[in-house]
Amino acid sequence: QRCVVLRFLKSPPNQNKTPEEILHHLQNIVDFGKHVMKQFFGENYVHHGEIIQLPLDFVRQLCLKIQPERPECRCDKDMDTLSGYAMCLPNLTRPQTFRFAEHRPILCIEIKPKCGFIPFSSHVSQEIKHKVCRYCMHQHLKVANGKWKRPSKYCPLDLFSGNKQRMHFALKSLLQEAQNNLKIFKNGELIYGCKDDQDCVSDWNELARHLKPFFFPSNGLVSGPHCTRTVVKELIHVITMALLSSTDTCRAGDMKTVPISQGRSYCEASAFNKELVRNGKHKLESSGLPRGCLLYKTLQAQLLDRLDIEGLYPLYSRVEQYLEEFPEERSTLQIDGPYNEAFYEKLLDLSLEDDGTVAFALTKVQQYRIAMTAKDCSIMIALSPCLQDECSEHRPVVLTSKSRFTFSVSVLDLDLKPYESIPHQYKLDGEIVNYYLKNVQAKEDPVMSSLFKENEDCTLVLHKV
């Protein structure tokens, strides 16, 4: 009736927390959204929700009802049915910026954009990390481990480029191989995208059938492959315009802009980039993102990771060593909260001059956790068709060739990444890079160099060593 979402904590079996611990954990999540992430992303984009208490009988019935719907790989954790506490959040598959008419159909696109820059830190030990983005490298390891059947052609740097041609290519790639980076909902129901780690068959014809009434309400478009392509093209246009829009008047806190110019703005493994190379062009245009748009703000938060995990790990070890000696200091250092204004203030120190102190190391560790959170967040774009006379200047509107939509853009999945996950990140980074160097780059290098030298005569000269 209220069109809200209830979110419950989950934990491994036999690890039940007390109601007080559950309440504290949920309060931390709410505070982190309210006092920290709202500063980075702005008022209109972040919905931190509130904690409510529900009758235990209702919670138990709810748990029984949803259990059969949960994917098998998620059932290693149980929903909390003992405390009665839950988070109450707005349903972001619906537009947030205005009261909507109940009868209107609503379309929602959820995108997990991932990390939009290439590390420029001098601590990076493998040159490949300065050329190929983490996402593109990780794809190959995931396919090898059986998580996905095929690597995706999506590259986050194309989406974050602000160049419409590259953004369109990135979104088309996401639609072809959605994995868990893209989902589409119609009136709150999932109609496109993976339910879980499985072989997603992207049926564009089925998707076009769902979307056609949104984009071509008068039904003037014939069916068939041409119709499907046209509808998908309109969808990609709408998503691009919404992502580049600025629907938030609030400036993002006191964050100084982190310069991205140190790194390169394209990834050598991007299918878009490879296509340019094949066509004899070696320059990728990057138009840059409008400062007010959510992608820009997401990228700014991600760029708090200025040392890369390789530069960060020794600082994490420094904090760990200190905590071994003085375990009682853990709460003073605010590692597990409270996530208040004081916690946020400490994040604003962007200096990279290591004075050898625990304070410096801790600031960099906390900034890295924020960056990791921003690298894993999701963006929700909710669209609802509107008639010309209904669209006032107070509502953001995006136009297509035959229709117009009011829309809202929100960000979710903003729980702070655990301090304890840093060693795992360090290990995973090594695995991703080593797998890529051994199994992908070794095979690709001869191919790429032959593309550059296709029409040249080559002489091989051997020197005595």
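The values are calculated or read from the model by the stated rules, or taken from the named source; none is laboratory data. All values derive from a computational prediction rather than experimental measurement. As a convention, Cβ positions derive from the backbone with ideal geometry for all residues, glycine included, and neighbour counts pool all protein chains shown. These area figures cover heavy atoms from the full protein model, side chains too; ligands, DNA and RNA do not enter into them. Shrake-Rupley method; radii C 1.70, N 1.55, O 1.52, S 1.80 Å.
Kindly provide the trypsin sites (Lys or Arg not before Pro) of the stretch 68-152 that DSSP labels as loop, not H, G, I, E or B, and whose Cβ sees at most 16 other Cβ atoms within 10 Å. Taking the stretch 68-152 and a limit of 16 other Cβ atoms within 10 Å, the loop trypsin sites (Lys or Arg not before Pro) found are LYS77, ARG99, LYS131, LYS147, LYS149. Annotation: lysines with alpha-carbon distance below 17 angstrom to LYS149 (same-chain offsets under eight excluded): LYS195.
Cross-link pairs exceeding 25 Å between alpha carbons, from the set LYS164/LYS346; LYS142/LYS281; LYS114/LYS281; LYS183/LYS297; LYS131/LYS438: LYS164/LYS346; LYS142/LYS281; LYS114/LYS281. Sequentially through the stretch 309-321, phi angles give Karplus couplings (6.51, -1.76, 1.60; θ = phi - 60°) of 4, 5, x, 7, 4, x, 6, 4, 5, 5, 5, 4, 4 Hz, Gly and Pro residues having no value and appearing as x. Applied to the stretch 13-26, the Karplus parametrisation 6.51 cos²θ - 1.76 cosθ + 1.60 on θ = phi - 60° returns per-residue 3J(HN,Hα) values of x, 6, 10, 5, 8, 6, x, 5, 5, 4, 4, 4, 4, 5 Hz, with x for Gly and Pro. Residues GLU310, GLU21, ordered by accessible area of protein heavy atoms at a 1.4 angstrom probe radius and largest first, appear as GLU21, GLU310.
Pairs of lysines in the stretch 1-91 whose Cα atoms sit within less than 25 Å of one another amount to 8, provided the residues are eight or more positions apart or on different chains.
For TYR192, the residues whose amide H sits under 5 Å from its own are ILE184, ignoring neighbours fewer than 5 places away on the same chain, with H placed 1.01 Å from N. For the stretch 1-91, dividing the convex hull volume of the Cα atoms by the residue count gives 122 Å³ per residue.
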